[in-house]
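This report concerns only the one structure given below.
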Amino acid sequence: SHIDAFIVRIPPGVQLSAEGIIRRNTAFPAFATLLPKERQDRLFAMMRSKNGSGIHYLTGLMASKIQLFDSLRLCNSCVVSDRNRYGDCHYHLIHQMPGVYECPIHLEPVMDTQIRATNNRMRYYIPPAEDAASTVFIADNDSRIISQNKTSFEAIATQVQWLLELTNYEEILFNPRD
């Protein structure tokens with residue numbers, strides 16, 4: 001939420017729009033394909049507004065059995081790749097998505113950091129991924145689950161990445177079964 005409030009603080013001349021940010025830098029495309037058009041429109045409006053308190057409910061995350069992650073997550077190979085390409089690393093949206101345990105690019109486990117995914121301070125400041133990269137770890141239970149379900153987790157990560165990259169999700173609108 002608060003995308004419109006963010007946009008008004010961007011310096012003049014920077015070519016960003018609320019719509020562009022939501023469609024290219026949030027999980028909106030992945031969830032939009034699973035929602036009827038009316039809920040897509042409500043979700044989009046909530047993301048732009050100052051009141052985003054119902055976003056998780058509207059996307060179905062509150063009723064889902066898929067566990068949300070407690071911490072921000074990184075792929076070790078993405079960290080190395082980011083450092084080589086940009087000089088430092090950053091958080092990738094795909095690694096934060098519910099149900100994604102493997103990086104779809106490197107096909108290796110996504111690691112937890114010690115940075116909590118939600119807290120009141122994160123409204124104003126998210127610790128840099130470069131700081132978090134030195135604190136990555138994989139929980140014992142995640143390691144066992146990943147090794148037993150590697151093919152499934154690779155498929156899930158690849159499919160979620162595809163959903164995040166959709167630009168024409170309107171053509172794949174949710175179609176309720178009869």
In debye, nearest 20, what is the charge dipole magnitude of region 29-100 about its Cα centre with +1 on Lys and Arg Cβ and -1 on Asp and Glu Cβ, if you could check?
160
Using a Cα-Cα cut-off of under 29 Å, which lysines could be cross-linked to K50, ignoring same-chain neighbours fewer than 8 residues away?
K37, K65
If you stretched the chain out fully between S152 and T118, how much longer would it get, using 0.36 nm times the residue separation minus the C-alpha to C-alpha distance?
9.5 nm
Calculate, for R42 and L93, the FRET efficiency according to 1/(1 + (r/R0)^6) with r their C-beta to C-beta distance and R0 25 Å; round to the nearest 0.05.
0.70
Give me the extension gain from R24 to R9: residue separation times 0.36 nm, minus the current Cα-Cα distance, reported in nm with one decimal.
3.5 nm
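FYI, it's all coordinate maths here, none of it is from the lab. Note that the coordinates shown come from a computational prediction; the quantities given were computed from them, not determined experimentally. Note that we place each Cβ from the backbone using ideal geometry, even for glycine, and neighbour counts take in every protein chain shown.
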